[in-house]
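The structure under discussion appears below in the form of structure tokens.
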Amino acid sequence: MEVNLTSREKAFRLLLEYNKTDSLIKHGLAVEAVMRHFAVLLGESNVEKWGVIGLLHDVDYEMYPELHCTKAREILKENEFPEEYIHAVESHGWGICSEVEPIEPMEKVLYTIDELTGLITATVFMRPSKSILDLELKSLKKKFKTKSFAAGVNRELIIKGSEKLGMELDKIMEETIKAMQSVAEELGLKGE
């Protein structure tokens, strides 16, 4: 008997099928939480869709890093995800590994917060408490300005994304922290 999975369950199984690294799985969960948070913040009706797209945005990254965003199209199409989902996933790599520009608000949020979640995670790991629950905006801003800290995080992309979104960077950072705090335990960021 075929079990009817929700989109979220199907997406999570797919993420686990293509990603085995704990940090990549947690990154998917972080981006999912932030996407859901921004969907509510922006008054979007389909919060689950935003979350699923966040969860799947790096579905191809571990197995096919050289084909990132390209292989995702194939994987998501094979698994019968709608074109809207596929386009959104492709658009988060705009200008880096994809020519698909983020146009819709959902795509712009994903493009903006993907790298930011990584910076927040790195910031939390450097904190004495190892907890996101006591992370304040001023601490994150300090780390954002320190280019040598989490040097792999593309800060220009985050800035470009906030401009595309038409939202202040401080507001985006603050809301991203809040969203990640809501799933701190799942992300391993609750602290010691």
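The values are calculated or read from the model by the stated rules, or taken from the named source; none is laboratory data. Note that the structure is predicted; figures quoted are calculated from it, not measured. FYI the Cβ positions are ideal-geometry reconstructions off the backbone, even for glycines, and counts take in every protein chain you see.
For first residues located in the range 34-56 and farther than 15 Å from K108 by Cα and buried (at least 20 other Cβ atoms within 10 Å of the Cβ), partners that are acidic (D, E) and at pLDDT 95 or above and lie 6+ apart or on another chain with Cβ distances below 6 Å form the pairs L55/E32. Given the structure, is A88 touching a Lys or Arg at 6+ places or on another chain (Cβ under 8 Å) and under 16 Å from V31 (Cα atoms)? Here the answer is no, as A88 does not meet what is asked. Tell me whether the range 89-103 contains one or more residues that are more than 26 Å from E66 (Cα to Cα), of a type outside the set (G, A, S) and in contact (Cβ under 8 Å) with a residue 12 or more places away in the chain. Looking for residues that are more than 26 Å from E66 (Cα to Cα), of a type outside the set (G, A, S) and in contact (Cβ under 8 Å) with a residue 12 or more places away in the chain, one finds none in the range 89-103, hence no. Restricting the range 146-184 to residues that are closer than 13 Å to V124 by Cβ and of a type outside the set (S, T, N, Q) leaves a set whose member that is surrounded by the fewest Cβ atoms within 10 Å (Cβ to Cβ) is F149.
Scanning the range 115-125 for residues that are in contact (Cβ under 8 Å) with a residue 40 or more places away in the chain and surrounded by fewer than 24 Cβ atoms within 10 Å (Cβ to Cβ) yields E115, G118, T121. Screening E62 on (1) among the acidic types (D, E); (2) outside any helix (DSSP H, G or I); (3) in contact (Cβ under 8 Å) with a residue 12 or more places away in the chain; (4) out of contact with any Leu (no Cβ under 8 Å at 6 or more places or on another chain) shows it passes everything except condition (4).
Check the range 140-161 and report whether any residue there is small (G, A, S) and either touching an Asp or Glu at 6+ places or on another chain (Cβ under 7 Å) or within 19 Å of R36 (Cα to Cα) (or both). So that I can check it myself, show each step before the final result.
The first filter runs over the range 140-161 and keeps only residues small (G, A, S), leaving 148, 150-152, 161.
If we keep only those that are either touching an Asp or Glu at 6+ places or on another chain (Cβ under 7 Å) or within 19 Å of R36 (Cα to Cα) (or both) as well, we get 161.
There is at least one residue in the range 140-161 that is small (G, A, S) and either touching an Asp or Glu at 6+ places or on another chain (Cβ under 7 Å) or within 19 Å of R36 (Cα to Cα) (or both).
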